[in-house]
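To start, the structure itself, in structure tokens.
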Amino acid sequence: MIATSSSDEKLERLRALGADHLINYRETPKWARSVVEFTGGEGADHVVEVGGSGTLGQSLHACRVGGHISMIGVLTGVQGPVSTATVMSKNIRLQGISVGSRRHQLDMVRAIEATGLRPVMDQHFPLDAIAEAFRHQASGQHFGKIILDV
Ligand SMILES: NC(=O)c1ccc[n+]([C@@H]2O[C@H](COP(=O)([O-])OP(=O)(O)OC[C@H]3O[C@@H](n4cnc5c(N)ncnc54)[C@H](OP(=O)(O)O)[C@@H]3O)[C@@H](O)[C@H]2O)c1
């Protein structure tokens, strides 16, 4: 697994969680090259894309021929130029993902319980401190899920 972050401290925590290769995307804006080198010239099998238009170019470069990109977030923006030729010439499968129904949520909880997956939790906030929780999220200091106690 290859992890990217702007924070070396977060990268160390990702290493402890099992990441094999760490890239600070602020220090290495063209991080796809590092992914290709680390994978012996092949590229990544699967890219989890949370950046959107600002990061998709690097994700396409980082993805192997026949690889898969899950488009989950658009943190850098919703529109921008895309190298459609790269999608085509590398036979990349670009899949949008949007959650979800109550049924999806129940299935996910069942899968978490069945596999023993332990999601990484950041901080808890009481529901009436929801604005503080959002400020914490906006600060980008969090690592893992921010929880509202209802
Ligand atoms: N499609 C859906 O149904 C769905 C479901 C859940 C979440 N989402 C969306 O997915 C996104 C991520 O959710 P999350 O819970 O994983 O959020 P998160 O825990 O806040 O993680 C955001 C990640 O994006 C990175 N990031 C932020 N700005 C970036 C940039 N300019 N360039 C590169 N990386 C950047 C952050 O890096 P740092 O380590 O540097 O902070 C962090 O690793 C959000 O936009 C969320 O709304 C969508």
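The values are calculated or read from the model by the stated rules, or taken from the named source; none is laboratory data. All values reported here derive from a predicted model rather than from experimental measurement. Heads up, the Cβs are rebuilt from the backbone with ideal geometry, glycines too, and the neighbour counts pull from every protein chain shown.
Structure notes:
- Criterion (out of contact with any Asp or Glu (no Cβ under 6 Å at 6 or more places or on another chain) and either at pLDDT below 95 or within 23 Å of Q141 (Cα to Cα) (or both)) met by exactly one of V36, V65, V74: V74
- Residue match in region 128-136 (condition: under 28 Å from T28 (Cα atoms) and modelled with pLDDT of 95 or more): yes
- So V48, is it assigned to a strand (DSSP E or B) and loosely packed, with under 13 Cβ neighbours inside 10 Å: no
- Residues that are more than 9 Å from the ligand (Cβ to nearest atom), of a type in the set (A, V, I, L, M, F, W, C) and in contact with a helix residue (DSSP H, G or I) (Cβ under 7 Å, 6 or more places away or on another chain) within region 1-30 comprise I2, L22, I23, listed in sequence order.
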